[in-house]
Amino acid sequence: MVTTASWGKAISNKTYGFNPMAYLASVGVARKTVGYHKSDAAYCQGDPALHVLYIQRGGVKLSVVNEVGKMAVVGMLGPREFFGEGCLAGQTARVETATAITSTIVVKIGKEDMIRVLHTERAFSDGFVSYILLRGIQIEEALIDQLFNSSEKRLARTLLQLGHCGPQTQTIRILPRVSQEELADMIGTTRPRVNFFMNKFKGLGLINYSNGCLHINPSLLNAALRE
């Protein structure tokens, strides 16, 4: 079962030790900055996989639709996170759709440029590989969550992840208000169940809504993810 300590450590260590975009600029990598409004797609499932993308501001939802039209949300990413890196491992077409969840600024780096820098710039390569390994840990823990933890704990974990709250977080974190339907898709339950638990968290003072945003109290980590 996922413990609060192991998960909290993973999300709190999401850092590169340097600014990836400044580093790429210093080694002459071509980049394109693109702005997206809420609900715009950075790319769609089936599109050619030609770029690695990096979120400067905002957030992105990754979702997959199967052959009968059922949609599942497989990830929610925020600032300083990469996505679309599957192209580096031979992926020729996108296997998911990446959609902005708020006003978002994304930097696109061509696949060939990214591969070249990973081969020639050790500092950048070390930081990027560490990030990919961390993402793998998070995906693994999310799967364990899905298999063994209650929907209430899965919801709390997802909210904390979206707010980048870890054991050392002291202040309330703010994130764009995510719909209850999206949260239900992410944790594998129904919207009424999400609504029930969100109201419970709000009643306990663990979350609050204001100005279209969701405010997360870091005490949710201990209050809702305890063994």
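Applying the set (1) at pLDDT below 75; (2) more than 25 Å from Tyr54 (Cβ to Cβ); (3) touching a Ser or Thr at 6+ places or on another chain (Cβ under 6 Å) to Pro176 leaves exactly one unmet item: (2).
Provide a single number: the residues in region 38-70 that are modelled with pLDDT under 90 and in contact with a Cys (Cβ under 8 Å, 6 or more places away or on another chain). So the answer is 0.
Per the conditions (1) within 15 Å of Ile105 (Cα to Cα); (2) at pLDDT below 85; (3) among the hydrophobic types (A, V, I, L, M, F, W, C), the sole criterion not satisfied by Val2 is (1). Considering every residue within region 65-78, establish whether at least one is within 21 Å of Asn19 (Cα to Cα), in a loop (DSSP other than H, G, I, E, B) and not aromatic (Phe, Trp, Tyr). Yes, some residue in region 65-78 is within 21 Å of Asn19 (Cα to Cα), in a loop (DSSP other than H, G, I, E, B) and not aromatic (Phe, Trp, Tyr). Consider Ser125 carefully, then state whether it is touching a helix residue (DSSP H, G or I) at 6+ places or on another chain (Cβ under 8 Å) and hydroxyl-bearing (Ser, Thr, Tyr). The answer is yes for Ser125.
The values are calculated or read from the model by the stated rules, or taken from the named source; none is laboratory data. These numbers were taken from a predicted model, which means no experiment stands behind them. Note that we place each Cβ from the backbone using ideal geometry, even for glycine, and neighbour counts take in every protein chain shown.
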